[in-house]
1. Determine how large the accessible area of Leu52 is when every protein chain is in place; take a 1.4 Å probe and give Å² rounded to the nearest 10.
2. Excluding ligands and nucleic acids, what accessible area in Å² is computed for Ile16 using a 1.4 Å probe, to the nearest 10?
3. Would you give the gap between the C-alpha center of the stretch 5-33 and the C-alpha center of the stretch 176-194, rounded to a whole Å?
4. Give me the accessible area per residue for the stretch 64-148, probe 1.4 Å, as a whole number in Å².
5. So if I take the centroid of the Cα atoms in the stretch 43-84 and the same for the stretch 126-147, what is the distance between those two points in Å?
6. Write down the percent of antiparallel bridges among all DSSP beta bridges whose residues are both part of the chain, to the nearest 5.
7. How much accessible area per residue does the stretch 186-240 have, counting only protein heavy atoms and a probe of 1.4 Å, in square angstrom?
8. Hydropathy first: keep DSSP H helices in the chain averaging at least 0.0 on Kyte-Doolittle, then drop any whose Cα extent along the axis falls short of 20 Å, and list what survives.
Amino acid sequence: MDAREVFIPSRLFGIIGHPLGHSLSPLVHNDAFRRAGLPYVYMAFPVEPSGLDGLMAGVRTLPVSGLSVTIPHKTAVMAHVDELTDLAGRVGAVNTLFWENGRLVGDNTDVEGFLSPLRERGLVPERAVVLGAGGAAKACLAGLAQLGTRELYVAARDKGKARALAEEQGARAWGLAEAPELGADLVVNATPLGMKGEREGLSPYPAAAWRPGQVAYDLVYNPLTTRFLADAGAAGATAVDGLSMFVGQAVLQFRRFTGGDMDQARARELVRSALGLG
Ligand code: NAP
């Protein structure tokens with residue numbers, strides 16, 4: 001027996017959220033640690049809202065080097081940090097915690113993760129509409145404002161929620177059913193419509209409304225080709241799938257955690273394989 005063969009992690013990372021059964025973050029982060037030769041470990045820490053205070057006390061006493069944060073803690077965790085990055089403060093949501101000079105910093109990599117496929121394609125839409133007014137829509141609106149999109153709309157079935165989010169993020173509120181009237185260059189699906197399960201096969205945007213030249217960006221990534229993207233593609237619009245955002249935010253988190261690079265193409269393939277997407 002050779003003691004040198006025993007894996008002894010020197011740093012602990014993880015993800016907090018609830019429920020976490022579906023999280024793909026441990027997969028991509030542990031793989032990237034291994035490939036970078038880093039003896040670190042990344043675990044899932046499922047915690048309900050009532051357990052957040054206790055968990056965050058643990059983060060300050062145990063050697064936790066960094067965390068990903070997901071639903072439902074992205075806003076509540078802000079009260080537990082020593083510092084927020086400008087972006088996290090502006091968006092009003094944190095999805096990444098890391099230590100800097102002994103201070104716990106809250107950052108948001110969802111915004112740049114969302115923008116990464118648009119930046120890769122050199123797309124700066126003039127007019128964009130985000131469908132849905134939840135947490136993900138918030139990151140999309142903040143990202144599009146940062147990108148320089150001049151006409152920003154948020155369309156949701158609950159007009160009160162659309163108005164509140166529009167006001168917060170400097171966008172205009174719109175009705176979900178009326179979204180096609182905008183003829184936006186970019187249409188983002190930030191609702192769960194189209195997700196595997198009961199809502200699979202549904203789309204928040206009518207098939208007949210798509211035009212060539214538009215860009216359809218679906219945040220849903222399981223299935224990879226949703227009804228929303230299939231309809232858009234059939235009409236000659238460009239389709240951007242939600243895996244790009246997931247991988248984009250993970251790559252940026254990995255950089256915050258380690259200073260190194262996660263192989264984006266490999267992470268994408270790993271997630272595809274884990275989801276049985278070939
Ligand atoms: P959320 O906070 O629950 O918000 C969902 C939004 O969709 C709300 O505005 C909700 O309206 C609306 N909605 C729900 N069911 C609807 C329906 N049947 N018809 C019309 N609108 C409906 O969720 P979220 O965190 O923003 O996530 C939204 C989607 O993005 C999810 O599918 C999530 O998996 C995906 N996502 C992907 C990534 C990625 O990395 N690719 C990251 C984050 C999120 P009400 O408020 O009226 O219910």
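1. 10 Å²
2. Accessible area of Ile16: about 0 Å².
3. 34 Å
4. Per residue, the stretch 64-148 has an accessible area of 36 Å².
5. Cα centroid to Cα centroid, the span is 25 Å.
6. Counting only bridges with both partners in the chain, antiparallel ones make up about 20 percent.
7. Accessible area per residue: 43 Å².
8. Counting only whole DSSP H runs, the qualifying helices are 243-258.
The values are calculated or read from the model by the stated rules, or taken from the named source; none is laboratory data. A quick note: this is a predicted structure, and the numbers were derived from the prediction, not measured. Just the protein is used for accessible areas: all its heavy atoms, side chains included, with ligands, DNA and RNA removed. Shrake-Rupley method; radii C 1.70, N 1.55, O 1.52, S 1.80 Å.
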